[in-house]
Amino acid sequence: MFRWYRNSAKCYVYLTDVSTCQQEADGTPSWELAFRKSRWFTRGWTLQELIAPTVLEFFSEDRKRLGDKTSLTQHIRNVTGIPLEALQANALSNFSFEVRMSWIEKRSTTREEDKAYCLLDIHVLGLAYCAFFAFHFIFYTWRFHLVSSSPASRG
C-alpha cells in the first residue's frame with residue numbers, strides 16, 4: 001500500500017470528527033483543536049496514508065478543505081511526533097529504526113499483527129521479506145511442537 005500511496009497524484013483524508021462550523025472565543029477556528037485530537041491520527045493503518053503521499057489534502061466532516069500536508073505540517077508534527085522531513089517525502093532510510101518505530105507507538109489496530117503490516121515499507125520490509133520470516137517462524141514453531149509432543153521426547 002505504501003507504494004500505491006507514494007505513486008498517487010493526490011490523496012484525500014476525510015476527518016469525520018473535525019467540524020469547521022464553530023470558532024473559539026478568541027476567534028481561532030475550533031477545527032484546529034479537533035484536528036489535533038482526531039482519531040485518524042491514532043489509527044495504525046493511517047500511518048502509511050500520512051507519510052507516503054506527496055500531496056495529501058484534509059477535509060472536515062462538513063466537507064470543507066482544512067489544508068494539505070504542506071500547510072498543516074506543523075500541526076501534524078505536533079500531533080504525531082513524526083519529523084518534518086519524513087512528512088515531506090524524504091527517504092525513510094534517513095531515519096533510524098527506533099525513530100520509525102516511535103511513529104506507531106501511539107497508534108492502535110484491531111489486531112496486533114496489523115501493526116506489523118502498517119510498518120511494511122516504512123521499515124523497508126517488503127511483503128516477500130515478511131512472508132519469508134513468517135514461513136520460517138511457523139515452520140520452526142510447528143517443528144518444535146511436533147518434536148516436543150513425540151513419544152521419543154517424553155523418554
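Within the stretch 71-97, track down each residue that is hydrophobic (A, V, I, L, M, F, W, C), surrounded by 14 or more Cβ atoms within 10 Å (Cβ to Cβ), at pLDDT 85 or above and not in a loop (DSSP other than H, G, I, E, B).
Within the stretch 71-97, I76, V79, A86, L87 meet the criteria.
Among the numbered criteria (1) modelled with pLDDT under 85; (2) assigned by TED's automatic domain parsing to the domain that holds T16, which one does R107 miss?
Condition (1) is where R107 drops out.
Just one of the numbered conditions (1) modelled with pLDDT under 90; (2) assigned to a loop (DSSP other than H, G, I, E, B) is not true of R100; which one?
Of the numbered conditions (1) modelled with pLDDT under 90; (2) assigned to a loop (DSSP other than H, G, I, E, B), the odd one out for R100 is (2).
Only one of (1) surrounded by fewer than 18 Cβ atoms within 10 Å (Cβ to Cβ); (2) assigned to a helix (DSSP H, G or I); (3) over 14 Å from the mean Cα position of the chain (by Cα) is not met by C21, so which one is it?
Failing condition for C21: (2).
Assuming E49 fulfils every condition listed in (1) without any contact (Cβ under 8 Å) to a residue 40 or more places away in the chain; (2) in a helix (DSSP H, G or I); (3) surrounded by 17 or more Cβ atoms within 10 Å (Cβ to Cβ) apart from one, which condition is it?
(1)
Six or more apart or on different chains, Cβ under 9 Å: which pairs go from a residue in the stretch 112-124 that's at negative phi and assigned to a helix (DSSP H, G or I) to one that's at pLDDT 70 or above and among the aromatic types (F, W, Y)? Could you list them?
Listed pairs, sorted by first residue: D114/W45; Y117/W45; C118/W45.
If W31 satisfies all but one of (1) buried (at least 18 other Cβ atoms within 10 Å of the Cβ); (2) closer than 24 Å to T109 by Cα, what's the number of the condition it fails?
W31 satisfies all of (1) buried (at least 18 other Cβ atoms within 10 Å of the Cβ); (2) closer than 24 Å to T109 by Cα except (2).
When you check I104 against the structure, is it crowded, with 18+ Cβ neighbours inside 10 Å, closer than 16 Å to I122 by Cα and within 17 Å of the chain's Cα centre (by Cα), yes or no? Outline the logic, then answer.
Working: crowded, with 18+ Cβ neighbours inside 10 Å: no; closer than 16 Å to I122 by Cα: yes; within 17 Å of the chain's Cα centre (by Cα): yes.
So I104 fails the test.
Within the stretch 39-79, which residues are in contact with a helix residue (DSSP H, G or I) (Cβ under 7 Å, 6 or more places away or on another chain) and basic (K, R)?
Scanning the stretch 39-79 gives K69, R77.
The values are calculated or read from the model by the stated rules, or taken from the named source; none is laboratory data. Please read these numbers as outputs of a predicted model, since none were measured by experiment. When we count neighbours, we look across all protein chains shown, and the Cβ atoms used for this are built from the backbone with ideal geometry, even at glycine.
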